[in-house]
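Here the structure is laid out as structure tokens; the discussion comes afterwards.
The values are calculated or read from the model by the stated rules, or taken from the named source; none is laboratory data. Note that the coordinates shown come from a computational prediction; the quantities given were computed from them, not determined experimentally. Cβ: placed from backbone, ideal geometry, glycine included. Neighbour counts: every protein chain shown.
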Amino acid sequence: MSEVNDRGTKKWTAMMMPEHEEMLQQMWQEQEYKQKPILDEQEQFELNTRLQLALQNDLTVEVEYYDHNSHDSRKIKGKLLVADTLANTLKFDNGENTTVSFDDVLEVRID
């Protein structure tokens, strides 16, 4: 944020109601949100191939996925336990038994 906007916010905050301050904070946070990248068919095919290879050979993978709660990408590393095509999810053995949706997977790296 520029210095001009910061000064204006500081100047007027004393006259704002707490609800307005909360709404401004939320608006600034939402401006920081990242959009989920859209993968083409070839990228999706490559990701699926790597996931199948990791599942069949019991390999450790690092998966980057889009987290809808934080509106940002996250990484998870572990062994792939289940690729459930009906539920459209991946289940990992990373100490926490994390589940990720197929649709949110952005990148797959095999160790």
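Report whether or not Leu51 is under 21 Å from Thr85 (Cβ atoms) and at pLDDT below 90. Working first, answer last.
Working: under 21 Å from Thr85 (Cβ atoms): yes; at pLDDT below 90: no.
No; evaluated as a whole, the condition is false for this residue.
Residue check, Lys79 against (1) in a helix (DSSP H, G or I); (2) of a type outside the set (A, V, I, L, M, F, W, C); (3) under 24 Å from Asp111 (Cα atoms), all met but one. Which one?
Unmet condition: (1).
Within the stretch 73-90, which residues are touching a helix residue (DSSP H, G or I) at 6+ places or on another chain (Cβ under 6 Å) and farther than 15 Å from Asp103 by Cβ?
Of the residues in the stretch 73-90, the ones touching a helix residue (DSSP H, G or I) at 6+ places or on another chain (Cβ under 6 Å) are 80, 83, 88.
Matches in the stretch 73-90: Leu80 only.
As an exercise: evaluate Thr9 against (1) part of a loop (DSSP other than H, G, I, E, B); (2) at pLDDT below 80; (3) of a type outside the set (A, V, I, L, M); (4) surrounded by 12 or more Cβ atoms within 10 Å (Cβ to Cβ) and give the number of the one condition it does not meet.
Unmet condition: (1).
Exactly one of (1) part of a strand (DSSP E or B); (2) surrounded by 14 or more Cβ atoms within 10 Å (Cβ to Cβ) is unmet by Leu39. Its number?
With (1) part of a strand (DSSP E or B); (2) surrounded by 14 or more Cβ atoms within 10 Å (Cβ to Cβ) applied to Leu39, the lone miss is (1).
Anything in the stretch 46-62 that is loosely packed, with under 11 Cβ neighbours inside 10 Å and assigned to a helix (DSSP H, G or I)? List them, or say none.
Filtering the stretch 46-62 for residues loosely packed, with under 11 Cβ neighbours inside 10 Å gives 56-58.
Answer for the stretch 46-62, where residues must be loosely packed, with under 11 Cβ neighbours inside 10 Å and assigned to a helix (DSSP H, G or I): Gln56, Asn57.
Looking at the stretch 82-111 only, could you name the residues that are among the aliphatic types (A, V, I, L, M) and part of a loop (DSSP other than H, G, I, E, B)?
At the first step, the residues of the stretch 82-111 found to be among the aliphatic types (A, V, I, L, M) are 82-83, 86-87, 90, 100, 105-106, 108, 110.
Result: Leu86, Ala87.
Just one of Glu19, Glu41 is among the charged types (D, E, K, R) and either in the same structural domain as Gly95 (by TED's automatic domain parsing) or modelled with pLDDT of 90 or more (or both); which is it? Lay out the reasoning, then the answer.
Details: Glu19 fails: either in the same structural domain as Gly95 (by TED's automatic domain parsing) or modelled with pLDDT of 90 or more (or both).
Of Glu19, Glu41, the one residue that is among the charged types (D, E, K, R) and either in the same structural domain as Gly95 (by TED's automatic domain parsing) or modelled with pLDDT of 90 or more (or both) is Glu41.
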